[in-house]
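Enquirer: A single structure is presented below for examination.
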Amino acid sequence: MKNEDSKGFYAEQADLAMEDHLIFEYRFESFVDPEEAAAHLCQEQSTAQWKRVGVDEDLRCQFGAKVIELTVIDQRETSHYPEMGNEQGPVYSCRVKIAHPHANFGPKIPNILTAACGEGAFYCPGISVIKLLDITFPDSFLDHFEGPKFGVQGIRDMLEVYDRPLFFGVVKPNIGLTPESFAELAYQSWLGGLDIAKDDEMQGDVDWSPLAERSLLMGKARRKAEEQTHEKKMYLANITDEADRLLELHDMCVKNGANALMVNAMTVGLSSIRMLRRHTQVPLVAHFDMIAPFTRVPYYGIDSNVIITLQRMVGFDSIIFPGLGARMRTSDQEVLENVEECLKPAGNLKPCLPVPAGSQWAATTLDIHKTLKTIDFGIVPGRGVFEHPMGPKGGAASLRQAWDAFKKGVTLEEYGKTYKELKTAIEAFG
């Protein structure tokens, strides 16, 4: 039960000016009374000590986070993760919504995450296991974030593709190719019908493939492919590096012909991306490195949709994340929620292009489309294009042929009788 001090960290949502608050939603396990645990969570992530000894004051009203909804899901004998705490007694599994005054930290990603995911939340006394499920931002708060500069529509306008998903491709082998070999493979994939050829997330500015040389050759190959196909193409260069090199690498790659840039969002840092977005002249694409350690554990960490939302806020125009199927061990529901986070209305933020990834080839485009019920997505095969027995030109062609078959209402097998690239893809990957 709530004691008198705990009551100061509870409020009715109707009594709060919600435009002045973010809502943090958590699932947690507690070995103490859930109401006391939830109040302590609010106290730890906001005012901590909320009054001074011998002074008649109470900082909770203006600065304290407040529980606005608490649900006890169940009571268990043991924790989902007993190694996270050694307390004895019943374990309460709970969901809580906390209204946190955003004046406590302002429109700054590092400070928001310090409140939502810092010491106060993940080392809160009485709570052994906790996961941040969602953050709700009022539109007036989102107005402080620029979000995607190009977004879905801007990328489509650059490629002049409006009636189908967008076809990315990761040049493979991802490590070890010379810049010349790398550019030739990309060139062949563009000739076959790929929209976007990209560096792998592991391939940065390295001695065996300097980004200056690789981006220059890729820019030339892209323009040559555009001349031959009469289609717009993109080279997506990976500029993941130390934060103080991002602007330098941006300028160099864009000058050399890269017309989109990829950054491993969490390894570089979201605040660095926000800085880069203000400078960039081309679309920014996020890769999902270092996100799984936050999101994969069911009852601990941060839900993936929170990461998606933050990446959109700081300015990514497209976000690659774990997709459908067994390869990425991600539920269809989680993929759908992440796609929704990319595309749903959110203040002044443009929608960003979702790219659910993982072991894709020609047929998976249709499976993804059937599940997502939209054409506003990208697929990003690697081996499905670059291990195609007819080479990357054949692999890329098979992607376009599979979509054409779908639009014409013809099975892939039937269409493959006419188009050998698709037939070969079915035999190799089906």
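Enquirer: Counting other Cβ atoms within 10 Å, keep those with at most 13, restrict to DSSP loop, and tell me which trypsin sites (Lys or Arg not before Pro) in the range 329-388 are left. Please list the in-between numbers first.
Expert: Values: sites: ARG329, LYS370, LYS373, ARG383; in loops: ARG329, LYS373.
Counting only loop positions with at most 13 other Cβ atoms within 10 Å, the trypsin sites (Lys or Arg not before Pro) in the range 329-388 are ARG329, LYS373.
Enquirer: Oh, and also: Using the C-alpha atoms of the range 247-357, what convex hull volume per residue, in cubic angstrom, is computed?
Expert: Details: hull volume 11.5 nm³, N = 111.
About 103 Å³ per residue, rounded to a whole number.
Enquirer: With an 8 Å Cα cut-off and a minimum separation of 6 or more residues, compute the relative contact order for the chain in percent. Write out the running numbers ahead of the final one.
Expert: Numbers: 886 pairs, mean separation 66.2, N = 430.
About 15 percent, as a whole number.
Enquirer: Within the range 32-132, which GluC sites (Glu not before Pro) sit in a loop by DSSP and count at most 11 neighbouring Cβ atoms inside 10 Å?
Expert: On the way: sites: GLU35, GLU36, GLU44, GLU57, GLU69, GLU77, GLU83, GLU87, GLU119; in loops: GLU57, GLU77, GLU87.
Filter output for the range 32-132: GLU57, GLU77.
Enquirer: From Cα pairs below 8 angstrom and at least 6 apart in sequence, can you work out the relative contact order of the range 105-200, rounded to a whole percent? Mind dumping the intermediate values first?
Expert: On the way: 48 pairs, mean separation 21.4, N = 96.
Once divided by the residue count of the range 105-200, the mean separation gives 22 percent.
Enquirer: List the chymotrypsin sites (Phe, Trp or Tyr not before Pro) in the range 139-189 that DSSP assigns to loop (not H, G, I, E or B) and whose Cβ has at most 16 other Cβ atoms within 10 Å. Which are they?
Expert: On the way: sites: PHE141, PHE145, PHE150, TYR162, PHE167, PHE168, PHE182, TYR187; in loops: PHE145, PHE150, TYR162.
The qualifying sites are TYR162.
Enquirer: Here's something else I'd like to know. Using θ = phi - 60° and the Karplus relation 6.51 cos²θ - 1.76 cosθ + 1.60, list the HN-Hα couplings for the range 219-225 in order, rounded to whole Hz, with x at every Gly or Pro.
Expert: x, 5, 5, 4, 5, 5, 5
Enquirer: P(r) for the chain, please, calculated from all Cα pair distances in 10 Å bins and given in %.
Expert: Result, from short to long distances: 4, 20, 27, 21, 14, 9, 3, 1, 0 percent.
Enquirer: Right, something else. Suppose only helical runs count, i.e. DSSP H with n ≥ 4. What mean residue ellipticity at 222 nm does that imply for the chain under -39500 (n - 2.57) per run, divided by all residues and rounded to the nearest 500 deg cm²/dmol? Could you put the intermediate results ahead of the total?
Expert: Values: 20 runs with 179 residues, N = 430.
Theoretical 222 nm ellipticity from helices: -11500 deg cm²/dmol.
Enquirer: Can you list residues from other chains, or at least 5 along the same chain, whose modelled amide H is less than 5 Å from the amide H of MET262?
Expert: Long-range HN contacts for MET262: ALA237, ASN238, ILE239, VAL285.
Enquirer: Continuing with this model, one more query. Expressed as a fraction of 2.2 N^0.38 Å, the rule-of-thumb size for a compact globular protein of N residues, what is the C-alpha radius of gyration of the range 4-142? Mind dumping the intermediate values first?
Expert: On the way: Rg = 14.9 Å, N = 139, 2.2 N^0.38 = 14.3 Å.
This ratio for the range 4-142 stands at 1.04.
Enquirer: How much FRET efficiency would the formula 1/(1 + (r/R0)^6) give for VAL410 and ASP134, where r is the Cβ-Cβ distance and R0 is 41 Å, rounded to 0.05?
Expert: Working: r = 42 Å, r/R0 = 1.03.
Given R0 = 41 Å and the Cβ-Cβ separation, E is 0.45.
Enquirer: Could you give me the ³J(HN,Hα) list for the range 323-337, computed from phi with Karplus coefficients 6.51, -1.76, 1.60 and θ = phi - 60°, whole Hz, x at Gly and Pro?
Expert: Working through the residues one at a time gives x, 6, x, 6, 4, 9, 6, 10, 5, 4, 4, 5, 4, 4, 5 Hz.
Enquirer: Where the centre of each part is set by its Cα atoms, how far does the range 394-430 sit from the range 46-83, in angstrom?
Expert: 57
Enquirer: Given Cα pairs under 8 Å that are at least 6 residues apart, what percent is the relative contact order of the range 40-97?
Expert: On the way: 63 pairs, mean separation 18.2, N = 58.
Computed over the range 40-97, the figure is 31 percent.
Enquirer: For the charge dipole of the chain, defined by +1 on Lys and Arg C-beta atoms and -1 on Asp and Glu C-beta atoms about the Cα centroid, which residue among PHE386, ALA225, GLY325 has the Cα displaced farthest towards the positive pole?
Expert: Of the listed residues, the answer is ALA225.
Enquirer: I need the calculated FRET efficiency for the pair ASP58 and GLU180, taking r as the beta carbon distance and R₀ as 45 Å, to the nearest 0.05.
Expert: Values: r = 69 Å, r/R0 = 1.54.
In this case the efficiency is close to 0.05.
Enquirer: Set the Förster radius R0 to 45 Å, insert the Cβ-Cβ distance between LYS7 and GLU340 as r into 1/(1 + (r/R0)^6), and round the FRET efficiency to 0.05.
Expert: On the way: r = 36 Å, r/R0 = 0.81.
So the FRET efficiency works out to roughly 0.80.
Enquirer: Please list, in order along the range 65-70, the HN-Hα scalar couplings obtained from phi with the Karplus expression 6.51 cos²θ - 1.76 cosθ + 1.60 (θ = phi - 60°), rounded to whole Hz, x for Gly and Pro.
Expert: Residue by residue, the range 65-70 yields 6, 10, 6, 10, 7, 9 Hz.
Enquirer: Around PHE321, which amide H atoms from residues at least 5 apart in sequence, or from another chain, sit under 5 Å from its own amide H, with H modelled in the peptide plane?
Expert: Under 5 Å from the amide H of PHE321: VAL355, ALA357.
Enquirer: Further question on the same structure: Counting only DSSP beta bridges with both residues in the range 151-429, what percent are antiparallel, rounded to the nearest 5? Present the calculation step by step, with values, prior to reporting the outcome.
Expert: On the way: 2 of 24 bridges.
Restricted to the range 151-429, the bridges split so that about 10 percent are antiparallel.
Enquirer: Remind me, what semi-axes does the range 76-149 give for its equivalent ellipsoid, largest first in whole Å, using sqrt of 5 times each Cα gyration tensor eigenvalue?
Expert: On the way: eigenvalues 206, 29, 23 Å².
They are 32, 12, 11 Å, listed largest first.
Enquirer: If you rank ARG60, ARG312, ARG296 by fewest surrounding Cβ atoms within 10 Å, what's the result?
Expert: ARG296, ARG60, ARG312
Enquirer: What net charge is computed for the residues neighbouring GLN49, neighbours being all others with C-beta under 14 Å from the C-beta of GLN49, Lys and Arg scored +1, Asp and Glu -1? All intermediate terms of the calculation are to be shown ahead of the outcome.
Expert: Working: positive: LYS51, ARG52, ARG60; negative: ASP5, GLU44, GLU57, ASP58.
Net charge around GLN49: -1.
Read-outs: derived from the displayed coordinates by stated rules, not from any lab. Predicted, not measured: the structure shown is a model, and the values here were computed from it. Note that we place each Cβ from the backbone using ideal geometry, even for glycine, and neighbour counts take in every protein chain shown.
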